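Beneath this line is the structure, given in structure tokens, with notes to follow.
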Amino acid sequence: MHLRYALLALLADGEAHGYRLLKSFNQRLGPFWHPNIGQVYQILHDLEQRGLIVRRDVTVGTRVRRLFKLTPRGSRALRTWVERRPAWPPPLRDEIFVRCLAVERHGCQALTGQIAKQEAEYRRYLALVQEHEPETGSSVTRRLTHAAAVAYTEAHLRWLEHARRVLAERQALAS
């Protein structure tokens, strides 16, 4: 859903083809969201069907390149979406909750093991994110997205630490 508005926002900057839109998206947001070109073209087709963008085909050598442009209707749709009240945080559907559900019947040690595995993965991810610090000339959106990825991961690590303490207290009571 949000990718639709991202494409409209990018097209507000000017006419572009799908690969250019994907490249701009990745440059402006960074490596934290991975749409594929199939998704991009599927959404572009839908936006065209709804009259939010128009397409024109341009022959470049032997290839036909599809260029997309925002329509006034698309511009209004983007503006309406931006002015709407933002959504609440997404539902908690993290894999760790399902893993805990799967091993809970095996006791606190099994839960602690899952917490430790998740923590190790989040620490690996955080190190990777920190290695890809945005360059000085990066867009504000790119820098904000990077900061959000760091903060989100750090918040998860704090929750995992809390879960480990709760499990340790539970084990101490059971002993």
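The values are calculated or read from the model by the stated rules, or taken from the named source; none is laboratory data. These numbers come from a predicted model, not from an experiment. All Cβ positions, glycine included, derive from the backbone under ideal geometry; neighbour counts span all protein chains shown. Accessible surface areas use protein heavy atoms only, side chains included; no ligands, DNA or RNA. Shrake-Rupley method; radii C 1.70, N 1.55, O 1.52, S 1.80 Å.
Some notes on this structure:
- Against the list (1) free of Cβ contacts under 8 Å to residues at least 60 places away in the same chain; (2) under 27 Å from ARG142 (Cα atoms); (3) in contact with a helix residue (DSSP H, G or I) (Cβ under 9 Å, 6 or more places away or on another chain); (4) not polar (S, T, N, Q), the condition PRO31 fails is (1).
Conditions tested, residue by residue: (1) in a strand (DSSP E or B); (2) modelled with pLDDT under 95; (3) among the charged types (D, E, K, R); (4) within 30 Å of GLN171 (Cα to Cα).
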| residue | (1), (2), (3), (4) |
| --- | --- |
| VAL64 | yes, yes, no, no |
| LEU78 | no, no, no, no |
| TRP81 | no, no, no, no |
| LEU92 | no, yes, no, yes |
| VAL103 | no, no, no, yes |
| LEU111 | no, no, no, yes |
| ALA116 | no, no, no, yes |
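- Top-ranked residue of region 27-62 - restricted to ones that are among the β-branched types (Val, Ile, Thr) and in a helix (DSSP H, G or I), ranked as farthest from ARG76 (Cα to Cα): ILE37
- When region 6-21 is filtered for residues that are open to solvent by 30 Å² or more (accessible area, probe 1.4 Å) and not in a loop (DSSP other than H, G, I, E, B), the ones remaining, listed by number, are ALA9, ALA12, TYR19, ARG20.
- Scanning region 126-169 for residues that are in a loop (DSSP other than H, G, I, E, B) and either within 16 Å of the chain's Cα centre (by Cα) or surrounded by fewer than 14 Cβ atoms within 10 Å (Cβ to Cβ) (or both) yields HIS132, GLU133, GLU135, THR136, GLY137.
- Region 66-76, residues that are out of contact with any Phe, Trp or Tyr (no Cβ under 9 Å at 6 or more places or on another chain), open to solvent by 90 Å² or more (accessible area, probe 1.4 Å) and not in a helix (DSSP H, G or I): LYS69
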